[in-house]
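Chemist: Structure incoming, see below.
Coordinate-derived values only; no laboratory data. Not measured: the values here are computed from a predicted model. Note: ideal-geometry Cβ built from the backbone for every residue, glycine included; neighbour counts use all protein chains shown.
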C-alpha cells in the first residue's frame, strides 16, 4: 500500500533533533521521494545523523545547513530541495527557540532572537516556498506553532508572542494561496519530550504539563504523525487550521 506522501519531496527545518527529526523520519517512512534536512551549521553532525537514520530505513535525504532567520538561506533551502529531488511538494517550518522569561525580565536582544527564529523564520520560509509551489502545481506547508500559540502559560512571554504570530501568519498565508492548490496549516503541540524540555528543572516541566488533561509528556513522533497527515492528500480540504496536539489542554 502506498505511503501517505508517496513520491513527494520537501524540506523540514530544525530537523537535527526533536519534532523536526521525528517528522523527517515519518515522512520518509510514508514514501517521501526525498527529504531535505536542515538546521544550523552548529547542528550539522546531528543533522547528518537524521539523514543517516532516514537512509538506514531506505529513504532518501540530504543535509543542508541554514539559518531560517536569514532570507538567503531560506531561498537556498528551496533551491537545494528542487536540485536534489526535482520538486518541492511539502515544507515543515519547524525550527524554533524558547526563552524562559516574563514580559518585564525579557531582554531586548533575547526578544529579537526569539521573534527572528520563531516568527520571521516561518515567514521567510513561506516567502520562498510558496512561489516554488505555485509555479509547479501546488503543495502543502505545515508550520510548528505551539499550545503557547493558543493560550498563555507563565514566564514565556516572547515565545508566546512568537507562536501566536505563527498561528496568525499561517491563517493569513492559507487565505492568500487557497486557490493556488497550496494548503497552509500549523500544529500546536503541548508539552513534548524534547531536548528543550529536558534541560528545564523538574518543577518547571510539571508547570508546563499542568494545562493538559492527559498528564504525560508527548513524544516527538506523536506530533510528526499529525504533520504527515497535514502534508498528505488525506487532508486535502484542510487549510488555515491550527491543529492542537495537546493532550486535551484546550478542552479544559
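Chemist: Within the range 97-125, how many residues are closer than 10 Å to residue 162 by Cβ and touching a strand residue (DSSP E or B) at 6+ places or on another chain (Cβ under 6 Å)?
Modeler: Residues in the range 97-125 being closer than 10 Å to residue 162 by Cβ and touching a strand residue (DSSP E or B) at 6+ places or on another chain (Cβ under 6 Å): 1 in total.
Chemist: Here is a list of conditions, (1) within 25 Å of residue 9 (Cα to Cα); (2) part of a helix (DSSP H, G or I); (3) touching a helix residue (DSSP H, G or I) at 6+ places or on another chain (Cβ under 6 Å), and residue 120 meets all of them except one; can you say which number that is?
Modeler: All conditions are met except number (3).
Chemist: For the range 216-252, name all the residues that are touching a helix residue (DSSP H, G or I) at 6+ places or on another chain (Cβ under 7 Å) and on the phi > 0 side of the Ramachandran plot.
Modeler: 240, the sole residue that qualifies.
Chemist: Within the range 163-184, track down each residue that is over 19 Å from residue 131 (Cβ atoms) and touching a helix residue (DSSP H, G or I) at 6+ places or on another chain (Cβ under 9 Å).
Modeler: 163, 164, 165, 166, 167, 168
Chemist: Look through the range 87-111, keep the residues that are in a helix (DSSP H, G or I) and touching a helix residue (DSSP H, G or I) at 6+ places or on another chain (Cβ under 9 Å), and return whichever of them is surrounded by the most Cβ atoms within 10 Å (Cβ to Cβ).
Modeler: The extreme case among them is 111.
Chemist: Go through the range 133-160 and report how many residues are crowded, with 18+ Cβ neighbours inside 10 Å, assigned to a helix (DSSP H, G or I) and more than 15 Å from the chain's Cα centre (by Cα).
Modeler: The qualifying residues number 4.
Chemist: Could I ask something else about it? Can you tell me which residues in the range 116-131 are touching a residue at least 24 places away in the same chain (Cβ under 8 Å) and surrounded by fewer than 18 Cβ atoms within 10 Å (Cβ to Cβ)?
Modeler: 116, 127 - these are the residues of the range 116-131 that are touching a residue at least 24 places away in the same chain (Cβ under 8 Å) and surrounded by fewer than 18 Cβ atoms within 10 Å (Cβ to Cβ).
Chemist: Would you mind finding the one in 54, 19 that is within 23 Å of residue 192 (Cβ to Cβ) and without any contact (Cβ under 8 Å) to a residue 60 or more places away in the chain?
Modeler: Answer to the check: 54.
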